[in-house]
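Accompanying notes for the structure given below.
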Amino acid sequence: MFLRSIFLVCAAIVLGVPTAPTEVHSQELSFDAYLQLLMARARSEGVSEPTINRMTAGLSPNMRVIELDRAQPGTPSADGGYPPIAPYLSRHVDNARITGGRRAYAESRNITRNIEQKYGVPAEIIIAIWGHETNYGSYTGNFDLSRSLATLAWEGRRREMFANEWIALAKIADRGFARSTMVGSWAGAFGNPQFLPSVYLRLAVDGDGDGNADIWNSRADTLHSIANYFRDAGWRTGQPWGVRATVPGNLDRAAIESKLTSPVCARVHERHSQWKTVREWRALGIQPQKYLADDVMTSFFQPDGPGKPAWLLTANYRVILEYNCSNYYAMSVGLLADEINQ
């Protein structure tokens, strides 16, 4: 098996074949042998040799990263239920985060005024994302991204994804960023907005005009980049993400259940009702507590069940889910943004 692995690597290198790392299982290759495949692919995609060398120097697998990856929840609970959302919200939309958000909002108005005009995304939403991702830049992670992503690609559970991200990281490094700069979460997200490398290449913005999209150190670049992400995901200017709603006691919940199955994040989307106009919800006795035009399409969401808080969610809620496909995350971002804008 070892000789076969070495043959595969040498053949790829000698013949110049851009062998995709996804073609070989991690059990068949040592980490060093698999790294040769990543390096060969990086060369085939135009990454310079000096960059490849500095991004792979001294690399070894990070077993802590593998432990963290394997500990991620991947299946529903035994009873098929969901943890209540209220305790999560109380922890993530607390006084410290609200106070920090209002301070960041006030300090950034000279930047966000332009951002709101350019991208159509409210400043409070952008600040709330920044707050949730890195506590307004106070902690962005300290894992060597090259090591983490190479480890996760080699380990193989989500090989294609992480191999692609390692290649994207190498391309970022090829723009002149030091490897020591590119540190972040164990899963490869980095900088103030916690972008994956592929997202950085596609959507990061030079907001301060210095020629670099520096989402590590530049507040302008960070906030412009988050806004660009939201615009790209389809944010609708002038609509809230959602509003609290009052619910009649006789609501026929079975009649409003969605019959659709989402192709992505099905467990997240199955908790939302059918889409109806605000006018239609009013006819059923569900009343928004803040203004929403009668023709706005919304879904009904009462995550902790009858008698608990309920919301009508617009398409902009789905945009927040694009950033992190979790109702817990999206609700906390929306509610934090509302608090920041008080």
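Every number in this text was worked out from the coordinates using simple rules, so none of it is lab data. All values reported here derive from a predicted model rather than from experimental measurement. Because the Cβ atoms are built from the backbone with ideal geometry, glycine has one as well, and the counts that use them run over all protein chains shown.
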Conditions (1) out of contact with any Asp or Glu (no Cβ under 7 Å at 6 or more places or on another chain); (2) touching a residue at least 40 places away in the same chain (Cβ under 8 Å): number failed by A220: (1)
Residue in the range 129-152 that is closer than 23 Å to H224 by Cα, in a helix (DSSP H, G or I) and small (G, A, S) present: yes
Subset of the range 322-332 (residues that are surrounded by 20 or more Cβ atoms within 10 Å (Cβ to Cβ) and more than 15 Å from S90 (Cβ to Cβ)): Y323, N327, A330
Search result, residues across the range 93-117 that are assigned to a helix (DSSP H, G or I), touching a residue at least 60 places away in the same chain (Cβ under 8 Å) and over 16 Å from R219 (Cβ atoms): R97, I98
The range 168-216, subset assigned to a helix (DSSP H, G or I) and in contact with a Pro (Cβ under 8 Å, 6 or more places away or on another chain), residue nearest to R64 (Cα to Cα): L169
